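Working notes, structure below.
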Amino acid sequence: MTIAQNLTRKIMAAHLTHGELTVGTEIGLAIDQTLVHDATGQMAMLQFEALGFPTVKTKRSMIYSDHNILQVGFENADDHAFLSSAARRFGLYYSKTGNGICHQLNVERFATPGQTLLGADSHTTSGGAVGQLAIGAGGLDVAVAMGGRPFFLPMPKVIEVTLVGKFKPWTRAKDLALEILRRLTVSGGRGTVLEFDGPGLANLSVTDRATVANMSIETGAITAIFPSDDNTLDFFRKQGRESDFVPLSADPGAAYDGQITIDLNGLDPLVAAPHSPDNVSKVRDLAGVKINQVAIGSCTNSSFSDLMAVAGILKGHRIAPEVSLVVAPGSRQVLMELTKRGALADIVSAGARIMEVACGFCNGVGQAPKTNGISVRTSNRNFPGRSGTSGAGLYLVSPETAAVSALKGQLTDPNDFGEPIKVIWPDKMEIDDSMILPPAPEGTEAEIIRGPNIAPLPKFAAPGDTVSGEAMMVLGDNVTTDDILPAGAHILALRANVPAMSRYIFSNLEPNFPERMKKAGSGFVVAQNNYGQGSSREHAALAPRYLGLVGVVAISFARIHKANLCNFGIFPLEFVNPKDAKDIQKGQKLSLSGLSPDLKAPATLTMKNLTTGKNFQVKLDVTQRQLETLMAGGLLALEAGKKGL
């Protein structure tokens, strides 16, 4: 008798290389596709090279130039030359600057139902819109997957999210994403996959689904996935990719580990107020907040339907005099379609500025608001300092809410605008893949170009049986990777240069932290719940390790960051008694002992506060594979040891 399976388990079972599909145990998955970009790809390609792989072994691996696009010095141009030449050398495809945002483009051109995608970016989850199991990870994990090795993770719970009903006229997919965040918060999805089903799916296009899948990571979920159905087929036809379509869904009667039902008809336009994506209210309840800036775009809401709706709202109107409106299409395809229909002229005529086809403002590259400015954005995160202005307040909304608010000069419910905009999709989208460069032909020896911004990878020593150091930072809940290593053009330009980048660790919280850390020589960070929330940027582990960080002691960790800590030899330690976290003060000396080569994972260890003389228990909740990595000084050191390098 065949056991009914949900969609997540179906794909995992087809790709399982290690372990069993038992919740909480470690599994290994074969990876079909990988994705990196010009903020994570530099390290990933240096690591891929250091691991000794001659060429990628996946079905398709991609590098996108979409983050570091502001070339005010040689650094970003160096990075792009390095990435394009490394792609040619190692068998990857390279998408040039101006072609589009990786997640938007990948859904348009490459995402495939039933396949696995591992991306060095947390919002890789967008691929779940077409029934792909798309997971974000650190660049080193992606480098390993490019070499044909499995990706390891704890087997997640699968939560069924059943959608019923139909959106009200001015309610959109972004409002559904925000409603999920309101219910789950930024940590409630940890250790889960959100799998969508129900009759309400018929009312969500693939680009709608991509918005929801994209923001699933903000709940802490591993990913989200939708079935591949008639709406998926329609999208693939428009993309000239009908041959990639595979119908795929859960079996009738499939079991889940939890269930949520959402009535789309019960949703109103929503907004996430500063400074967290789960700080969600109805737009109507916050209406009237004066705004300085509106930014429409990002990998969350820059699709054809998003921007055609914006153009329809703006047509024949002018934005409020005190508002700066910027619009960034998500791909060159979207930009060309807007141009063909005159929609671009409608947007510009209203007083908007058109930004480059790239991530841009979402990760702090340009369009930083004024001091204490209020910015309404369609992006996915509103952490403090994310915009490039530390005191700014970011409000996350749908494109329709953003456009109407730009006209009014204040946060405005789009229901007050009038009749909603109806977007008519073309039978076939404009298709031009000429800006995607293929790898060198087999047998061709391609040179890798390394400018002065491409620094060598640092090497780290094994820890020994005891690690000690100062409590360098004592922090609270939900410390983000933006808190650890801020976004912004000046820092992104250093992603290939660890010594230079390390000067910015915790710089928004304490500018002199790097100097203190280097002077101390070794140390710990102490935190509360959900440490490492947000981006997949492994640099938030790599650069602190370079400075001398040996461990983080927290009540709990975000999944990707915990894996990154292990990959670079930083011990992720969890308080057995959470109350012990309050006993540690900044500057106190801590010591962790018992790190024997015979240690078995997971392990409970004793830490000592050398300043107070008090002992407390911590759990090293890792797998034996991760423990082996930690004891070697990180994954690269482990691999080098195995090869005798």
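Bear in mind that the values in this text are calculations on the coordinates, not laboratory data. Model, not experiment: these values are computed from the prediction. Neighbour counts run over all protein chains shown; Cβ positions are idealised from the backbone, glycine included.
Things to note:
- Label-to-label distance, nm, for residues given as Ala255 and Ala455 (7 Å Cα→Cβ offset): 5.1 nm
- Split the chain at each of the trypsin sites (Lys or Arg not before Pro) in a DSSP loop with at most 10 other beta carbon atoms within 10 Å, and the longest piece is 1-421.
- Debye log10 I(q)/I(0) at q = 0.10 Å⁻¹ for the stretch 101-228, Cα point scatterers: -0.29
- Think of each Lys and Arg Cβ as +1 and each Asp and Glu Cβ as -1; about the Cα centre, that makes the dipole of the stretch 7-266 roughly 260 debye.
- Taking Cα centre as origin and charging only the Cβ of basic (Lys, Arg, +1) and acidic (Asp, Glu, -1) residues, the dipole magnitude of the chain rounds to 1080 debye.
- The C-alpha atoms of the stretch 466-643 occupy a region whose extents along the principal axes are 42, 42, 28 Å, arranged from largest to smallest.
- Average projection area in nm² (convex hull over Cα atoms of the stretch 156-212, one quarter of hull surface): 4.0 nm²
- Once the chain from Thr611 to Lys422 is taken as fully extended at 0.36 nm per residue, the excess over their C-alpha distance is 61.5 nm.
- The stretch between Thr339 and Ala202, if pulled fully straight at 0.36 nm per residue, gains 46.4 nm over its current Cα-Cα span.
- Rh (Kirkwood; distinct C-alpha pairs) - the chain, Å: 24.8 Å
- Computed across the stretch 368-519, the Kirkwood radius stands at 20.9 Å (inverse of mean 1/r, all Cα pairs).
- Take every DSSP beta bridge whose two residues both sit in the chain; close to 35 percent of them are antiparallel.
- Using θ = phi - 60° and Karplus 6.51 cos²θ - 1.76 cosθ + 1.60, couplings along the stretch 190-200 (whole Hz; Gly, Pro as x): 4, x, 10, 10, 8, 10, 9, 7, x, x, x
- DSSP-defined beta bridges in the stretch 270-415 - what % are antiparallel, rounded to 5: 30 percent
- Annotation: amide H-H contacts under 5 Å for Gly409 (H modelled 1.01 Å from N, sequence separation of 5 or more, or interchain): Ala320.
- Applying both filters, DSSP loop and at most 16 other Cβ atoms within 10 Å, to the GluC sites (Glu not before Pro) of the stretch 384-473 gives Glu430, Glu442, Glu445, Glu447.
- Working from label points 7 Å from Cα in the Cα-to-Cβ sense, the Ala601 to Asp432 distance is 4.9 nm.
- Residues whose amide H falls under 5 Å from that of Gly131, counting only those 5 or more places apart or on a different chain, are Phe226, with hydrogens built in the peptide plane.
- Using θ = phi - 60° and Karplus 6.51 cos²θ - 1.76 cosθ + 1.60, couplings along the stretch 487-501 (whole Hz; Gly, Pro as x): 7, x, 4, 5, 8, 4, 5, 10, 5, 9, 9, 4, x, 5, 5
- Where chymotrypsin sites (Phe, Trp or Tyr not before Pro) fall in DSSP loop in the stretch 120-169, at most 11 other Cβ within 10 Å: none
- Pair-distance distribution P(r) for the stretch 1-147, from all Cα-Cα distances in 5 Å bins starting at 0: 2, 10, 19, 21, 19, 13, 8, 4, 3, 1, 0, 0, 0 percent.
- Each residue of the stretch 249-265 was assigned a 3J(HN,Hα) from its phi angle through the Karplus curve 6.51 cos²θ - 1.76 cosθ + 1.60 (θ = phi - 60°); the sequence is 7, 5, 6, x, x, 4, 8, 9, 8, x, 8, 10, 10, 10, 8, 4, 5 Hz, with glycine and proline shown as x.
- Principal axes of the stretch 256-376: Cα extent on each, largest first, Å: 46, 36, 29
- The equivalent ellipsoid of the stretch 83-158 has semi-axes of 21, 17, 10 Å, largest first, where each one is the square root of 5 times an eigenvalue of the Cα gyration tensor.
- Relative to its Kirkwood radius, the Cα radius of gyration of the stretch 522-582 gives an Rg/Rh of 0.95.
- Taking amide H as placed 1.01 Å from N in the peptide plane, Thr17 has its amide H under 5 Å from the amide H of Gly28, Leu29, Ala30, each at least 5 places away in sequence or on another chain.
- Label point distance in nm, Gln585-Ile3, each placed 7 Å from Cα along Cα→Cβ: 5.4 nm
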